[in-house]
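Asks: Let me give you the structure first, and then I'll get to my questions.
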Amino acid sequence: MSKVRRFKKLRKFIKDPDLFFYDMFKKRVFKAAEKTVREKKEISLPSTAVDLDRVRKIGVQEYLRETMGAGYGVEDGSDKNSLLIWSGNLYGLLDVVSLLKESLSMSVTLYTLGGHYNSVFGVDDRLDVRVVGGELGTRPDFVLEMGNEAGVLHVLRIYQYDIADDGLANVRSSSALIRKFQVRELGAIYNGTPAGCGYSTPIDAVYTWVNHADSDWQALWTTTYPSDEFDPDRYTSNDELRYSLRSLNKYAPWLNRIYVVSNCSQPGWMKEHPKIVWVKHEEIFPAESMLPTFNSHAIEACLHRIPGLSENFLYLNDDFVLNQPCLPKDFFDEIGRSVAYFEPYGMVDSKAGRDTSLDYLAAANNSKVLLKTLFSDYEARCLHRHVPYALKKTVLKEIEEAFAKTIESTRNAKRRSLSDVNVTSFLYHHFAFVSGRAVKGEATSLIVRPGNVEKILGKDTYKYKMLCFNDGDGSATNGRYKEHTSRFFTRRLSESAAWEQ
């Protein structure tokens with residue numbers, strides 16, 4: 001090697017060691033695996049411009065897949081918002097993202113799911129490809145979010161695979177559908193076609209919602225309880241529904257219809273949209289005498305009666321928020337069983353659980369007693385986490401038939417009572433689990449309250465997959481809590497959904 005070449009290599013190493021090793025690794029790998037990779041497809045390297053006409057025609061996801069020679073559907077075989085790229089092409093991907101950012105005037109957010117790394121680049125900020133690449137180069141996967149004020153939004157989960165000298169690819173993530181394969185098989189395995197799993201079944205979402213400021217709702221309350229003030233923590237609306245819906249739009253775009261069950265008028269910011277269905281209480285309660293109701297347990301005991309509801313659906317309170325990309329398999333497994341996220345704490349028969357003044361624990365204890373009548377050896381101890389509840393309509397119908405008197409009593413209680421059962425947040429999950437229609441799951445989640453709200457504004461902003469901005473502890477009148485939650489929503493869920501005015 002000449003002195004000039006040695007000097008150039010030394011200068012390159014000192015100036016940019018990441019690029020030096022990237023080039024060296026690329027050459028060595030492709031020297032041994034050149035034939036295999038060529039058979040698969042020539043992997044594209046970074047360019048100095050993007051083909052915007054091509055981007056507009058096929059979309060950002062497909063453009064990145066095409067440019068990077070990437071695969072689709074890393075975990076479930078079908079998700080086209082996840083890309084599998086060769087780790088040696090990471091800098092190339094970031095180069096293209098940087099060019100797209102500038103060409104389309106987008107902001108870019110990059111983070112790892114464990115919350116260990118995150119970077120936010122505003123529309124006017126420069127994306128430093130070398131610095132970011134150095135941070136992400138050793139990671140198995142990361143999330144890429146791109147958006148702008150015009151409503152453009154792309155949320156992609158990027159997975160990386162390495163190539164051995166013999167051409168065998170190894171996906172770094174343990175969640176991958178297939179971790180080891182010949183490079184030439186990438187397109188056959190990760191092509192966005194469901195791999196025989198049950199995730200193609202439609203999944204709806206259901207909300208229950210109340211707005212204390214709604215004049216019709218106030219009239220119903222005053223007529224029913226003329227001498228009582230309502231609990232602001234339980235009935236106050238702080239625009240949570242808008243941001244919760246945005247989180248579904250951003251992190252669960254695969255959802256089918258979204259039903260909102262309410263005895264209030266639609267909020268002013270919501271417009272007619274084919275994906276949103278407004279459902280009145282009269283449409284799901286079996287008897288007019290049960291209305292009006294202000295009891296969430298009663299309303300939840302009727303959700304499976306929503307006309308047109310899919311067999312598999314998610315139930316969310318309006319204070320539930322998704323904070324990371326989710327897949328159908330986070331809620332229903334390959335054969336359609338619902339996933340139950342039981343708490344490792346909060347046992348029903350603990351000291352707190354025996355406090356009959358707490359209506360939600362009383363409802364759980366009542367449900368536990370009911371379950372004992374059918375499953376005498378089963379102990380329903382664990383509460384369900386405050387995350388979206390995965391439910392099956394047929395199982396809810398079975399529960400209604402098995403415990404008809406108790407369900408009817410709960411539906412007749414116009415306010416929460418100590419004789420209620422909580423069907424969607426406790427009874428269903430244990431009934432389905434013990435009868436083989438549910439499995440246990442794990443997910444990072446947090447109940448956000450006035451005492452811990454700072455956690456989601458600092459280094460833990462990207463740590464949790466699911467959040468609950470729980471009403472209680474005086475949150476309805478806590479100005480500091482409202483200010484902090486508003487900052488979080490503005491930062492993480494600023495992109496409007498198609499159903500907003």
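Asks: So in region 87-103, with the set limited to residues that are under 26 Å from the mean Cα position of the chain (by Cα) and among the hydrophobic types (A, V, I, L, M, F, W, C), which one is farthest from N191 (Cα to Cα)?
Replies: Per the stated criteria, the residue is L100.
Asks: In this structure, is L361 modelled with pLDDT of 95 or more, buried (at least 21 other Cβ atoms within 10 Å of the Cβ), out of contact with any Pro (no Cβ under 6 Å at 6 or more places or on another chain) and part of a helix (DSSP H, G or I)? Even if it seems obvious, please write down each step before you answer.
Replies: On the way: modelled with pLDDT of 95 or more: no; buried (at least 21 other Cβ atoms within 10 Å of the Cβ): yes; out of contact with any Pro (no Cβ under 6 Å at 6 or more places or on another chain): yes; part of a helix (DSSP H, G or I): yes.
Here the answer is no, as L361 does not meet what is asked.
Asks: Let me confirm something: among K392, K440, K405, which residue is modelled with pLDDT of 95 or more and either crowded, with 16+ Cβ neighbours inside 10 Å or not assigned by TED's automatic domain parsing to the domain that holds A298 (or both)?
Replies: Values: K440 fails: either crowded, with 16+ Cβ neighbours inside 10 Å or not assigned by TED's automatic domain parsing to the domain that holds A298 (or both); K405 fails: either crowded, with 16+ Cβ neighbours inside 10 Å or not assigned by TED's automatic domain parsing to the domain that holds A298 (or both).
Within the list K392, K440, K405, the selection yields K392.
Asks: Could you please let me know if F285 is at pLDDT below 95, among the aromatic types (F, W, Y) and either over 22 Å from P388 (Cβ atoms) or surrounded by fewer than 18 Cβ atoms within 10 Å (Cβ to Cβ) (or both)?
Replies: no
Asks: Then there's this: Evaluate region 193-211: report whether one residue or more is assigned by TED's automatic domain parsing to the domain that holds S244, over 17 Å from G69 (Cα atoms) and more than 24 Å from the chain's Cα centre (by Cα).
Replies: yes
Asks: Further, regarding this structure: When you look at V143, is it closer than 27 Å to S98 by Cβ, surrounded by 13 or more Cβ atoms within 10 Å (Cβ to Cβ), hydrophobic (A, V, I, L, M, F, W, C) and assigned by TED's automatic domain parsing to the domain that holds M68, yes or no?
Replies: Yes: the conditions hold for V143.
Asks: Could you grab me the full set of residues in region 297-345 that are over 21 Å from the mean Cα position of the chain (by Cα) and assigned to a loop (DSSP other than H, G, I, E, B)?
Replies: A301, C302, I306, P307, G308
Asks: Continuing with the same structure: Restricting to region 118-129, give me the number of residues that are more than 17 Å from L493 (Cα to Cα) and loosely packed, with under 15 Cβ neighbours inside 10 Å. Even if it seems obvious, please write down each step before you answer.
Replies: The first filter runs over region 118-129 and keeps only residues more than 17 Å from L493 (Cα to Cα), leaving 124-129.
Checking the rest, the ones that are also loosely packed, with under 15 Cβ neighbours inside 10 Å come to 124-126, 128.
So the answer is 4.
Asks: Scan region 413-430 and give yes if some residue there is on the phi > 0 side of the Ramachandran plot and either hydroxyl-bearing (S, T, Y) or at pLDDT below 95 (or both), otherwise no.
Replies: no
The values are calculated or read from the model by the stated rules, or taken from the named source; none is laboratory data. In this text the structure is predicted, and so the values were computed from the model without any measurement. We place every Cβ from the backbone using ideal geometry, glycine too, and count neighbours over all the protein chains shown.
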